[in-house]
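*Asks:* Handing you a structure now.
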Amino acid sequence: QQQVKQSPQSLIVQKGGISIINCAYENTAFDYFPWYQQFPGKGPALLIAIRPDVSEKKEGRFTISFNKSAKQFSLHIMDSQPGDSATYFCAASMEGETSGSRLTFGEGTQLTVNP
Amino acid sequence: EPEVTQTPSHQVTQMGQEVILRCVPISNHLYFYWYRQILGQKVEFLVSFYNNEISEKSEIFDDQFSVERPDGSNFTLKIRSTKLEDSAMYFCASSDWDSYYGYTFGSGTRLTVV
């Protein structure tokens, strides 16, 4: 119920191409869906996030598409660059007023953008 | 930009020893968290802390683990008697009054138990 499934495990894209990473969740109580980018030896850094009341959110080259009925959301990276090479994690959370927000992470996608 | 600071960056300890991992969350944040990431695996929630007490913990966070906010700035994770399987990256995070706002992770402490 708490799981978030992410695919693919690894992705290789040419510079300028579109990278697409998909996630699916089960718990309909989740109300916040962030994507994190992680470089080796660093902590996860928030890239972009969406709430279930919208179907799409775009920030620069990064877009989240959200399908509430299918319980799926995806990250699109347009015009992928070698500097985008990193591990990407989707996550989901339910906000708790006194408990904070426990993030449930997907398994991660290792993205490599070839020059 | 405000940062979550973790020390040390790498700690090696012998099995059975106690370790304390330290974190300085962002100063005006109210919620504090610990996560861990075993090499090559996903990030897993350990515990959240609010108003000077544990607000939620996962099944991983057993009696071997404890957290403390000993003063107004530090947030610590103690592992009482380390096991080999405790080897992982441990990330501290903090967030603001809206618990999604400013949710920021530190760079982590790599714990190696030998």
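*Asks:* Could you grab the pairs with beta carbons closer than 7 Å, sequence gap of 6+ or different chains, first residue in region A:38-51 and facing chain B (nearest Cβ under 9 Å), second one part of a loop (DSSP other than H, G, I, E, B) and among the hydroxyl-bearing types (Ser, Thr, Tyr)?
*Replies:* A:Lys42/B:Ser107; A:Gly43/B:Ser107; A:Leu46/B:Tyr103
*Asks:* Out of A:Ser74, A:Ser93, A:Ser101, report the one residue that is among the polar types (S, T, N, Q) and either more than 30 Å from B:Phe49 (Cβ to Cβ) or without any contact (Cβ under 8 Å) to a residue 12 or more places away in the chain (or both). Reasoning before the result, please.
*Replies:* Values: A:Ser93 fails: either more than 30 Å from B:Phe49 (Cβ to Cβ) or without any contact (Cβ under 8 Å) to a residue 12 or more places away in the chain (or both); A:Ser101 fails: either more than 30 Å from B:Phe49 (Cβ to Cβ) or without any contact (Cβ under 8 Å) to a residue 12 or more places away in the chain (or both).
Result: A:Ser74 is the single residue among A:Ser74, A:Ser93, A:Ser101 that is among the polar types (S, T, N, Q) and either more than 30 Å from B:Phe49 (Cβ to Cβ) or without any contact (Cβ under 8 Å) to a residue 12 or more places away in the chain (or both).
*Asks:* To continue, here is another question. Taking the residues in region B:4-46 that are within 14 Å of another protein chain (Cβ to nearest Cβ) and among the basic types (Lys, Arg) as candidates, determine which candidate is farthest from A:Thr104 (Cα to Cα).
*Replies:* B:Arg36
*Asks:* Report whether or not A:Gly108 is on the phi > 0 side of the Ramachandran plot, buried (at least 18 other Cβ atoms within 10 Å of the Cβ) and either charged (D, E, K, R) or at pLDDT 95 or above (or both). Lay out the reasoning, then the answer.
*Replies:* On the way: on the phi > 0 side of the Ramachandran plot: yes; buried (at least 18 other Cβ atoms within 10 Å of the Cβ): yes; either charged (D, E, K, R) or at pLDDT 95 or above (or both): yes.
Judged against the criteria, A:Gly108 is a match.
*Asks:* Right, here's the next one. Is one or more of the residues making up region B:48-56 within 21 Å of A:Pro44 (Cβ to Cβ) and out of contact with any strand residue (DSSP E or B) (no Cβ under 8 Å at 6 or more places or on another chain)?
*Replies:* no
*Asks:* Mind checking which strands (runs of 3 or more DSSP E) fall wholly inside region A:1-61 and carry at least 3 residues that are more than 15 Å from A:Glu107 (Cα to Cα)?
*Replies:* Fully inside region A:1-61 and qualifying: A:10-14, A:45-50, A:56-59.
*Asks:* Considering only residues that are closer than 14 Å to A:Leu11 by Cβ and not in a strand (DSSP E or B), which ones fall in region A:62-80?
*Replies:* Of the residues in region A:62-80, the ones closer than 14 Å to A:Leu11 by Cβ are A:74-77, A:80.
Result: A:Ser80, single match.
*Asks:* Across region B:88-104, which residue is farthest from the other protein chains (Cβ to nearest Cβ) among those that are surrounded by fewer than 22 Cβ atoms within 10 Å (Cβ to Cβ) and at pLDDT below 70?
*Replies:* Per the stated criteria, the residue is B:Tyr101.
*Asks:* Considering only residues that are touching a residue at least 12 places away in the same chain (Cβ under 8 Å) and over 23 Å from A:Tyr32 (Cβ atoms), look in region B:68-78 and name the one that is farthest from the other protein chains (Cβ to nearest Cβ).
*Replies:* Here is the first cut: in region B:68-78, the residues touching a residue at least 12 places away in the same chain (Cβ under 8 Å) are B:69, B:73-78.
After this cut, where a residue has to be over 23 Å from A:Tyr32 (Cβ atoms) as well, the list is B:69, B:73-74, B:76-78.
Numbers: B:Arg69: 14, B:Ser73: 18, B:Asn74: 18, B:Thr76: 17, B:Leu77: 14, B:Lys78: 20 Å.
Restricting to residues being touching a residue at least 12 places away in the same chain (Cβ under 8 Å) and over 23 Å from A:Tyr32 (Cβ atoms), the top hit is B:Lys78.
*Asks:* So if I check each of B:Ser107, B:Ser81, which one is within 8 Å of another protein chain (Cβ to nearest Cβ), surrounded by fewer than 22 Cβ atoms within 10 Å (Cβ to Cβ) and among the small types (Gly, Ala, Ser)? So that I can check it myself, show each step before the final result.
*Replies:* On the way: B:Ser81 fails: within 8 Å of another protein chain (Cβ to nearest Cβ).
Answer to the check: B:Ser107.
*Asks:* Still on this structure, please answer the following. Within region B:47-60, can you find the residues that are at the interface with chain A (Cβ under 10 Å from one of its Cβ atoms) and out of contact with any Phe, Trp or Tyr (no Cβ under 7 Å at 6 or more places or on another chain)? Spell out the reasoning first.
*Replies:* Step one: of region B:47-60, the residues at the interface with chain A (Cβ under 10 Å from one of its Cβ atoms) are B:47-51, B:53-58.
Listed by number, the residues that qualify are B:Asn51, B:Glu53, B:Ile54, B:Glu56, B:Lys57.
*Asks:* Would you pick out the residues in region A:15-46 that are under 14 Å from the mean Cα position of the chain (by Cα) and more than 23 Å from A:Ala70 (Cα to Cα)?
*Replies:* Scanning region A:15-46 gives A:Gln37, A:Gln38, A:Pro44, A:Ala45, A:Leu46.
The rows are residues; the columns are (1) within 14 Å of chain B (Cβ to nearest Cβ); (2) among the polar types (S, T, N, Q).
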{"residue": "A:Ser69", "(1), (2)": "no, yes"}
{"residue": "A:Leu75", "(1), (2)": "no, no"}
{"residue": "A:Thr87", "(1), (2)": "yes, yes"}
{"residue": "A:Ser93", "(1), (2)": "yes, yes"}
{"residue": "A:Arg102", "(1), (2)": "yes, no"}
{"residue": "A:Leu111", "(1), (2)": "no, no"}
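The values are calculated or read from the model by the stated rules, or taken from the named source; none is laboratory data. All values reported here derive from a predicted model rather than from experimental measurement. Here Cβ is always computed from backbone atoms with ideal geometry, including for glycine, and neighbour counts include all displayed protein chains.
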